Amino acid sequence: MNRTDFFSNLRALLSSSVEGMAEQEKLRIIEHFLSSFQKDATSTLPLLRSIPFVRGRRPFDEIRYAGYGSSEHVGLIVPLEEAANNTLYLLYQIQDPQEQFKAHSNDYTLRLSVCFCDPLHPQKVSPLPHQTQIPVHAARFAPQEQGELTLAHVSPEAWSPQSLVLALHPNDTFLPNDTFLPNSTTLSNDTALSNDTTVSHNTAVSHNTAVSDGKTPRLTPWSWSELAPAVTQYATDHDDPFTFGHLFHQRARISLTLHQQDLPISETSFDTEIFDARRFGSLYQRVLEKIIQPDTVRQAQESGISAIDHTYHPWYPVLSIGTEKADLYMKALYQDIVQKKRHFTEPKWLLRVGLYLEFLTCLGIFEAVKDELGDLLSPTERYIFERKVSAVPLL
């Protein structure tokens, strides 16, 4: 860098506004860095660095091969009874070349912030209520016991140089405490498409206590009314950030900040996609209940037949094949993401394919039969679909 570039970059940095940072805080950070540099021009403040997702790798690879672990880049919202065993693991490192942690371990803390990203403009974020600058304890994978992943606390003097782990429970982190949690609606050939098909009822669940198992951050529950309109405006059925209008998923930005005596000195972030596995298959279910079953009754009446099973409908074999295939790959994805097995090199890709295939297939069917059967989207879904969802890039 030459002198001209130095002055230009310095002026640009000092005059730039930083999202989420007040000018006074920015000045304090600059003064802190200058003070450290004046004491020792060769000193380097600790640096926080996220470890990105790498195709084919998993977080727990770090246990056997240090430096080989990979953060997860996708998580699932699962039925309540399975939520406690559903963990998202994010790996990071703290580089401390001057070994300042060993000399001043009590001066440093880690803090967590969680946001939802705008689907059209990912740089625009909506912080989750009460999920900003939450103190967290650093942890590291411990030796496996009976094949399970376990975490152990790590004190600041041992933070560097090995990889550390941030563990989050998606249901507790990304759902409001006053939401309605639908039961899993994923279809299978011998359940949802059987003769005695019934609609799953929603169960009201309140997460009314702070969540912590000793290794995951203590999260304060938040309510739907506290969430930013940029997220709530897309809701189409329940007070939930994973409805039809959200395409059953959210892109989340999870940030970690390293503080020295309550002053932020380094920050890193993870962009993670969260999918609501409970809602997958719900549009196929709507095709079955709103089109195939009523049309079977209509054709039977027109033919003078007292009753005929909907499995004889000409559309049923195609829907049955499609939903059975979706059920099989969702089971494999659940094992991969929640149970931490290793089926796919990049599970998010298949989740996206399955999600968009369901939306494109069912929305095409809904449009095709709209003039004859009426709109199978609710007024809210229709409004969101035509003005919001249709503008969201699918891939």
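Checked against the criterion of being assigned to a helix (DSSP H, G or I) and loosely packed, with under 12 Cβ neighbours inside 10 Å, the candidates Ser35, Ser17 yield just one match: Ser35.
Restricting attention to the stretch 326-342, does a residue exist that is over 29 Å from the mean Cα position of the chain (by Cα) and surrounded by fewer than 22 Cβ atoms within 10 Å (Cβ to Cβ)?
Filtering the stretch 326-342 for residues over 29 Å from the mean Cα position of the chain (by Cα) gives none.
No, that holds for no residue.
Given the structure, is Lys290 in contact (Cβ under 8 Å) with a residue 60 or more places away in the chain, surrounded by 15 or more Cβ atoms within 10 Å (Cβ to Cβ) and within 23 Å of His73 (Cβ to Cβ)? So Lys290 does not fit the description; no. Within the stretch 106-127, if we keep just the residues that are out of contact with any Pro (no Cβ under 9 Å at 6 or more places or on another chain) and not in a strand (DSSP E or B), the residue that is surrounded by the most Cβ atoms within 10 Å (Cβ to Cβ) turns out to be Asp118.
Each residue in the stretch 38-60 was checked for being in a strand (DSSP E or B) and surrounded by fewer than 20 Cβ atoms within 10 Å (Cβ to Cβ), and 3 of them qualify. Within the stretch 61-83, count every residue that is surrounded by fewer than 18 Cβ atoms within 10 Å (Cβ to Cβ), over 17 Å from the mean Cα position of the chain (by Cα) and in a loop (DSSP other than H, G, I, E, B). Count: 4.
Would you call Ala368 in a helix (DSSP H, G or I) and either without any contact (Cβ under 8 Å) to a residue 24 or more places away in the chain or in contact with a Ser or Thr (Cβ under 7 Å, 6 or more places away or on another chain) (or both)? If you could, list the steps in order and put the result at the bottom.
On the way: in a helix (DSSP H, G or I): yes; either without any contact (Cβ under 8 Å) to a residue 24 or more places away in the chain or in contact with a Ser or Thr (Cβ under 7 Å, 6 or more places away or on another chain) (or both): yes.
Yes.
Would you point out the residue of the stretch 84-105, among those that are of a type outside the set (S, T, N, Q) and in a loop (DSSP other than H, G, I, E, B), that is surrounded by the most Cβ atoms within 10 Å (Cβ to Cβ)? Checking each candidate, the answer is Asp96.
With respect to the conditions (1) modelled with pLDDT under 90; (2) touching a helix residue (DSSP H, G or I) at 6+ places or on another chain (Cβ under 9 Å); (3) farther than 23 Å from Ser255 by Cβ, Glu81 falls short on a single one, namely (2).
When the residues of the stretch 307-343 are filtered to those that are of a type in the set (A, V, I, L, M) and not in a helix (DSSP H, G or I), which remaining residue is modelled with the lowest pLDDT?
By that ranking, first place goes to Ala307.
The values are calculated or read from the model by the stated rules, or taken from the named source; none is laboratory data. For clarity, every value in this text was computed on a predicted model and none was experimentally measured. Every residue, glycine among them, receives a Cβ derived from its backbone with ideal geometry; neighbour counts consider all protein chains shown.
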